[in-house]
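Participant: Here it is, the structure in full.
FYI, it's all coordinate maths here, none of it is from the lab. Nothing here was measured: the structure is a model prediction, and the numbers come from that model. Note that each Cβ is placed from the backbone with ideal geometry, even for glycine, and that neighbours are counted across all protein chains shown.
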Ligand code: UDP
């Protein structure tokens, strides 16, 4: 069967690419192996009417106006600014670490200008590699050993199932350390959650007469029968190349959803549990979506090795393998018949806005 554009995967990368090409008059066929669109940003309404993010909490945040304008074409946004508390030593403390975290934790009353001195003192009494070679070095060089142990070490081991010394520094770069009292998780100019959810937004992105969608359809089961002019691949990088350079590690989550017969469960939309219990964090969805109900829906997150891939694992070994695969990607893309986009296909720890930006940038030349 002939086809103009074949898009593999109906997540954010695949649907954004489909939309851009459809608007250029190209005919797009999207194949998605899961039974739903949206990839890992898929959400659904629970029985009590609260929207649940099936693969963990997703908050849209970007500094990029073109990305913000793009998503706003397909959904209104609730102007939600995400806040997280970390449960440490029996206290719910602001996270990322800021002036208030330090004051509440140590019973201090210091001004923001004294936070620097406090942290410098902690760092002076700690040892680490400089320049940083790994996740631990980045954190300890900013906050010292004690705060690293309380807030970062055990969460990181739960999340990645490896010692933080094995993780590359970039993962730690996701979490700022603040001297100020700013308690937001993100500081991007534009932040929010789609008013009717991500699935509805992505449904609208895919809603174009030039786009057809096949769910429950694996790329491997159709690729021998379809000859597209252009294939946009958003699945796992190693699987596309038949694991030629061995498997890349991806990480999944078991997201255990529970409904409770009470109005409120916890003091913030997300509470992180670095040290206690086996879950990494608990999400209370109504605090993010603003939905009203006498009940509340909670998601407990248990990271795991196998299952739907949600994260790449930033270790030296994986990144070296990635380089080998990306050289092949370059050759394939040079032909003009293939593009590889998104977290899984580029093996990059992208946020949602970065996926959309990467997609819009890569497709510019096809316009
Ligand atoms: N992290 C941590 N303690 C926390 C939250 C995060 O040590 O309370 C570390 C952990 O290694 C995690 C990484 O920072 O994987 C990135 O956190 P982020 O919240 O960005 O993870 P995501 O939302 O992508 O799961």
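Participant: Restricted to the stretch 290-304, and to residues that are more than 15 Å from the ligand (Cβ to nearest atom) and in contact with a strand residue (DSSP E or B) (Cβ under 8 Å, 6 or more places away or on another chain), which residue is farthest from residue 39 (Cα to Cα)?
Facilitator: To start, the set of residues in the stretch 290-304 that are more than 15 Å from the ligand (Cβ to nearest atom) comprises 290-298.
Among the residues that remain, those that are also in contact with a strand residue (DSSP E or B) (Cβ under 8 Å, 6 or more places away or on another chain) are: 290-291, 295-298.
Details: 290: 23, 291: 23, 295: 27, 296: 25, 297: 21, 298: 21 Å.
Looking at residues that are more than 15 Å from the ligand (Cβ to nearest atom) and in contact with a strand residue (DSSP E or B) (Cβ under 8 Å, 6 or more places away or on another chain), I get 295.
Participant: Can you name every residue in the stretch 30-61 that is more than 20 Å from residue 213 (Cβ to Cβ) and within 15 Å of the ligand (Cβ to nearest atom)? Working first, answer last.
Facilitator: The initial filter retains those residues of the stretch 30-61 that are more than 20 Å from residue 213 (Cβ to Cβ), namely 45-53, 56-61.
The answer is 53, 56, 57, 58, 59, 60, 61.
Participant: From the list 115, 71, 123, 67, which one is over 28 Å from the mean Cα position of the chain (by Cα), away from the ligand (no atom under 14 Å from the Cβ) and in contact (Cβ under 8 Å) with a residue 40 or more places away in the chain?
Facilitator: Working: 71 fails: over 28 Å from the mean Cα position of the chain (by Cα); 123 fails: in contact (Cβ under 8 Å) with a residue 40 or more places away in the chain; 67 fails: over 28 Å from the mean Cα position of the chain (by Cα).
Selected residue: 115, the only one of 115, 71, 123, 67 that is over 28 Å from the mean Cα position of the chain (by Cα), away from the ligand (no atom under 14 Å from the Cβ) and in contact (Cβ under 8 Å) with a residue 40 or more places away in the chain.
Participant: Quickly run through the stretch 131-171 and pick out the residues that are under 27 Å from residue 347 (Cα atoms) and outside any helix (DSSP H, G or I).
Facilitator: 131, 132, 133, 134, 161, 162, 163, 167, 168
Participant: Just the residues that are away from the ligand (no atom under 16 Å from the Cβ) and touching a residue at least 60 places away in the same chain (Cβ under 8 Å), please, taken from the stretch 347-361.
Facilitator: 356, 357, 358, 359, 360
Participant: Sticking with this one: Check residue 117 against each of (1) exposed (fewer than 15 other Cβ atoms within 10 Å of the Cβ); (2) closer than 25 Å to residue 301 by Cβ and name the one condition it does not meet.
Facilitator: (2)
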